[in-house]
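The structure under discussion appears below in the form of structure tokens.
Only the coordinates and a few stated rules stand behind these numbers; no lab work does. If you're wondering where the values come from, they're calculated on a predicted model, not measured in any experiment. Cβ coordinates were reconstructed from backbone atoms using ideal geometry, including for glycine residues, and neighbour counts include every protein chain displayed.
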Amino acid sequence: MAKVTEHIDNAKGKTLFSIEIIPPSKGSNSIGDLLSGIEPMMELNPPFIDVTYHREEYLIKDMPDGGQKEVRTRKRPGTVGICSAIMHKFDVDAVPHVLCGGFNKEDTEDLLFDLSYLGIDNVMALRGDIAKPFNVFKPKKGGHQYASQLISQIKDINAGKYLYEELESETHPDFCIGGAAYPEKHYEAQSMDIDFENLKRKVDAGMDYIVTQMFFNNQKYFDFVNKCRANGINIPIIPGLKVLATKRQLEILPELFFCDMPEDLRKGVAAAKDNAGAREVGVEWCVQQCKELKEYGVPALHFYTMSKSNTTLAVAKEVF
């Protein structure tokens, strides 16, 4: 097994294919169903597969005494177990998402040791979403507020520095650390400049590579990469892509992920008679995106599959 940055170096300029999957909703499927959904994409030899982590949510319950109580719920099964199953089934590197939200520093340290024990050498370090139904991110008591702080803790563990002890053993974990970036600005950032400053903090803390949020206009990615390089950020920047597959996604994706839809794409999907037509438009748009990105020399094309293989395969087979 290898680190993501090693996979990129070993490719010697060839663009890699990688995917991100989402654990199924609680009680809906088995691990066999999840693996079966991934299997068709293995013919394209992804060297690594990201597995998202979904933090707890809360329900506000009315109590008999007239008060209210926050009830914690979990919606999806464990990311660590899914990563282990993927690695053993397909012999590829799994990259679990590790979040600030829902973890304190002790929880994080324990999780990282579990990952290392399983032979998982790559992590995607993220702040994580705001827990529903709240509208402000609140770290767990004793946890991290920002992804840069989480990255710093992971780098300390890589150096054998733990929360309450420092070991001289050379067998401590050595994680390759990925992180997120937003070519069109994180929705909470007050400006692009402030968002870029936050990215710099993560890079300075020890981030090894970047995966961008999805975008549908390649110029946004090119401008972002140019800004990074001009400001001394020289780590790999992997573009994140999503194949638009339904007419509804034309409206919901910008709402959820705060990305712009180019007018030509919007018109093409709007003119489609049904979802099958919208899918054709979305596939062709993403194919052209990928061809241009490959020509630009991106290290990998990273697809947000939502654990569905058909549209990603339709694009990848035209590109790889």
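For region 4-319, what does the alpha-carbon gyration tensor say about shape, rounded, prolate or oblate, given a ≥ b ≥ c as the root eigenvalues, a/c under 1.5 as rounded, and a/b over b/c as prolate?
Rounded, since a/c falls under 1.5.
Among the GluC sites (Glu not before Pro) in region 113-221, those located in a DSSP loop and surrounded by at most 15 other Cβ atoms within 10 Å of their own Cβ are GLU165, GLU168, GLU170, GLU188.
For a Förster distance of 51 Å, can you work out the FRET efficiency between the beta-carbons of ASN231 and LYS317, rounded to the nearest 0.05?
So, using R0 = 51 Å, E works out to roughly 0.90.
Applying the criteria of a DSSP loop state and at most 16 other Cβ atoms within 10 Å to the chymotrypsin sites (Phe, Trp or Tyr not before Pro) of region 205-313 yields PHE258.
Each Lys or Arg adds one and each Asp or Glu subtracts one; over the other residues with Cβ under 13 Å from the Cβ of ALA245, this totals +2. Among the listed pairs LYS138/LYS247; LYS14/LYS267; LYS140/LYS227; LYS140/LYS185; LYS138/LYS267, those whose Cα-Cα separation exceeds 30 Å are LYS138/LYS247; LYS14/LYS267; LYS140/LYS227; LYS138/LYS267. Bridging of LYS291 to aspartates and glutamates at a Cα separation below 16 Å is possible for GLU318, once same-chain residues fewer than 8 apart are set aside.
Stick to Cα atoms and the Kirkwood definition of Rh, then tell me Rg/Rh for region 150-240.
1.07
As a length-normalised measure over Cα pairs under 8 Å and 6 or more apart, the relative contact order of the chain settles at 19 percent. Around the Cα centre of region 181-309, unit charges on the Cβ atoms of Lys, Arg, Asp and Glu (plus for the first two, minus for the last two) sum to a dipole of about 300 debye. Are there any trypsin sites (Lys or Arg not before Pro) in region 215-287 that are in a DSSP loop and have at most 16 other Cβ atoms within 10 Å? List them by number. When the trypsin sites (Lys or Arg not before Pro) of region 215-287 are filtered for loop state and at most 16 Cβ neighbours within 10 Å, ARG248, LYS273 remain. Partner aspartates and glutamates whose Cα lies under 15 Å from the Cα of LYS202, excluding those fewer than 8 positions away in the same chain, are identified as ASP156, ASP193. The gain in end-to-end length when the SER36 to PHE258 segment is fully stretched comes to 76.8 nm, 0.36 nm per residue minus the alpha carbon separation. Using the Cβ of ILE151 as centre and a radius below 11 Å, the other residues enclosed give a net charge of +1, where K and R count +1 and D and E count -1. Listed by chain and number, the aspartates and glutamates whose alpha-carbon sits under 14 Å from that of LYS155, ignoring those within fewer than 8 places in the same chain, are GLU109, ASP121, GLU166, ASP174, ASP204, ASP208.
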